[in-house]
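Data first, discussion second: the structure below is written as structure tokens.
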Amino acid sequence: MSMSSPGPTPGFLVWRLANKWRVAVDRAVAPLDLTHAKYSLVASLYGMQQAGERPSQRRLADHTGLEALYVSKLARALESADLIERTRDPRDPRAVQLALTDRGLAVTRQAIAIVQDLHQQLLEPLGGPDTPRTRAFTDELRTLLAPPLAPSAPDDDHIEGTTP
């Protein structure tokens with residue numbers, strides 16, 4: 001709650017909605033041995049591959065908004081499950097490129113269909129996915145997501161007294 005106005009703040013509501021949708025997607029894709037985070041990676045990778053791209057882990061992290069270290073952890077788990085393959089980028093030996101395996105393609109197609117049905121249900125209060133209210137809501141979310149986060153400033157008090 002904000003001190004200046006009664007009721008929940010926009011930040012609290014966004015957080016609640018994000019958690020509600022994450023839990024719903026987690027439950028929906030659990031039979032495919034996926035989580036919402038893993039789904040976000042394979043579905044994004046699917047879309048990028050359809051566009052002819054073989055992205056690096058960094059590019060996929062930027063695309064999904066997930067931290068690069070988290071993408072690396074998820075990619076290793078997805079590779080262990082034979083859903084993606086990780087290979088060195090021939091142009092940059094430090095970078096790892098990602099691609100869906102045949103099994104990964106099949107599982108991802110199933111997951112996308114499941115999540116599309118789920119989104120239909122979740123967006124029903126706005127009239128469904130293809131309504132003016134949903135389009136306006138989506139536009140507002142894009143507006144909020146557009147500005148980059150400011151880099152974190154080091155906490156000077158925390159740094160004092162520590163040794164390098």
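The values are calculated or read from the model by the stated rules, or taken from the named source; none is laboratory data. All values derive from a computational prediction rather than experimental measurement. Reconstructed Cβ throughout: ideal geometry from the backbone, glycine too, with neighbour counts over all protein chains shown. What goes into the accessible areas is simple: the full protein's heavy atoms, side chains included, and nothing from ligands, DNA or RNA. Shrake-Rupley method; radii C 1.70, N 1.55, O 1.52, S 1.80 Å.
Restricting segment 58-118 to GluC sites (Glu not before Pro) that sit in a DSSP loop and have at most 11 other Cβ atoms within 10 Å of their own Cβ leaves GLU67. Surface composition of segment 22-141: carbon plus sulfur atoms hold 50% of the accessible area, using a 1.4 angstrom probe and ignoring ligands, DNA and RNA.
Placing R0 at 35 angstrom, the Cβ-Cβ distance between ASP33 and ALA150 gives a FRET efficiency of 0.40 after rounding to 0.05. Give me the net charge of ALA111's neighbourhood, meaning all other residues with Cβ under 14 Å from the Cβ of ALA111; Lys, Arg count +1, Asp, Glu -1. So the environment of ALA111 carries a net charge of +1. Once a ≥ b ≥ c are taken as the square roots of the eigenvalues of the Cα gyration tensor of the chain, is the result rounded (a/c under 1.5), prolate (a/b larger than b/c) or oblate (a/b not larger than b/c)? Cα axes put the chain in the oblate bin. The phi-based Karplus calculation (6.51 cos²θ - 1.76 cosθ + 1.60; θ = phi - 60°) puts the 3J(HN,Hα) values of segment 123-129 at 8, 4, x, 9, x, x, x Hz, whole numbers, x for Gly and Pro.
For segment 96-148, what does the alpha-carbon gyration tensor say about shape, rounded, prolate or oblate, given a ≥ b ≥ c as the root eigenvalues, a/c under 1.5 as rounded, and a/b over b/c as prolate? It comes out oblate by the Cα gyration axes. Is segment 6-87 best put as rounded, prolate or oblate by its Cα gyration tensor, with a ≥ b ≥ c the root eigenvalues, rounded for a/c under 1.5, and otherwise prolate when a/b is larger than b/c, oblate when not? Prolate is the answer for segment 6-87, as a/c is 1.5 or above and a/b outweighs b/c.
Solvent-accessible surface of the chain, taken per residue with a 1.4 Å probe and all protein chains present: 70 Å². A cut-off of 5 Å between modelled amide H atoms, ignoring neighbours fewer than 5 places along the same chain, links ALA99 with GLU85.
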